[in-house]
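Worksheet: one structure, shown below.
Derivation of every value follows stated rules applied to the coordinates shown; laboratory data play no part. Source: prediction; values computed, not measured. A quick note on method: Cβ atoms are made from the backbone with ideal geometry, for glycine too, and the neighbour counts reach across all protein chains shown.
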Amino acid sequence: SQTIHQWPATLVQPVGSPLSLECTVEGTSNPNLYWYRQAAGRGLQLLFYSVGIGQISSEVPQNLSASRPQDRQFILSSKKLLLSDSGFYLCAWSTGRRGSPLHFGNGTRLTVT
Amino acid sequence: AQTVTQSQPEMSVQEAETVTLSCTYDTSESDYYLFWYKQPPSRQMILVIRQEAYKQQNATENRFSVNFQKAAKSFSLKISDSQLGDAAMYFCAYRNSQGGSEKLVFGKGTKLTVNP
C-alpha cells in the first residue's frame, strides 16, 4: 500500500533562517506531488505541485520554492523565512488518473519567530 | 477559476443525531470531481467521500452520504448517527477531470462539534 512521510512534524525557526521540509511517498511510481499551506483557522492554499522529476508548478509567488530531485521526493525550501511563513504545511500525492483524490501526509507545523 | 464555498463556519450536532454540511462551487466545466475531507484535531487530512459529476447517484460511505445537485452546483455532506469521533473540520474540495495533475480547490471548512 502507498504511504506518505513528511518531516519534521514541528519546527520553530527565526526570521531570516532557511527552511527545508521533506516529503516522500512509498508504494507508487510517478505520483503527482503537492505542497499546501493552511493558515490558522483557514482553508488550504496550494503552493506547488509537480507531475514529474524536475517539473514544478508554482501557484503563489512568494519566497518559498519547491524541488523534486527524485520521483517520490518533494522538498519545500526557503532561503530566508518571514513571519508570514508560519503555518501548517501539508504534502500530498495523487495518481495521474482522472478524478483521483489527494492523499495527505501528517503535516508540519512551522512557527517563525 | 473554480471556487468552493462553505457557508457554515461552525456546526454542532448531538451524538446519534444527523447533521448536514453545505458546500457550493462555481465552475464552467461539465465533468469534474468533488470530495469531502475530514481534519480532526491531529490535523491529518482524511478523505471521507468522493463524487463524480457525471454520475447522478449520490455517493455513500457508511454513515456519510452526499446530496449532489449538479444544476445548483451544490454538494452537501450528511453525517448520520453522529459519533464523538466525527468532531473535526470538514473541507469540501473540487477537482477538474482534465488529466490528473490539476489541483484540488478547497473551501474554507466547517468546524463540526459533536455534543454528548
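May I ask which of B:70/B:103; B:73/B:103; B:78/B:103; A:79/B:111 have a Cα-Cα span longer than 27 Å here? From B:70/B:103; B:73/B:103; B:78/B:103; A:79/B:111, over 27 Å: A:79/B:111. Counts of other chain beta carbons within 10 angstrom of each beta carbon in peptide B:41-53 average 3. For chain B, a simple Cβ point-charge model (Lys and Arg +1, Asp and Glu -1, everything else neutral) yields a dipole of about 200 debye relative to the Cα centre.
Normalised by 2.2 N^0.38 Å, where N counts its residues, the alpha-carbon radius of gyration of chain A equals 1.01. Around the amide H of residue B:112, modelled in the peptide plane, lie the amide H atoms of B:11, B:88, B:89, B:90, all under 5 Å away and 5 or more residues distant in sequence or on another chain.
In the protein assembly as shown, taking the dipole from charged Cβ atoms about the Cα centre, the farthest positive-side position among A:74, B:109, B:47 is held by A:74. Taking every DSSP bridge with both residues inside chain B, close to 85 percent are antiparallel. Projecting the Cα atoms of B:21, B:9, B:98 onto the dipole axis of chain B, where Lys and Arg carry +1 and Asp and Glu carry -1 at the beta carbon, places B:98 farthest toward the positive end. Here the dipole of the protein assembly as shown is about 320 debye; that uses its Cα centre as origin and unit charges on the Cβ of Lys and Arg (positive) and Asp and Glu (negative). For chain B, averaging the sequence separation of C-alpha pairs within contact (under 8 Å, six or more residues apart) and dividing by the residue count gives a relative contact order of 37 percent.
Averaging sequence separations of C-alpha pairs under 8 Å and six or more residues apart, then dividing by the length of region A:1-107, give the relative contact order as a whole percent. Write down the numbers at each step before the final one.
Numbers: 231 pairs, mean separation 35.8, N = 107.
Relative CO of region A:1-107 lands at 33 percent.
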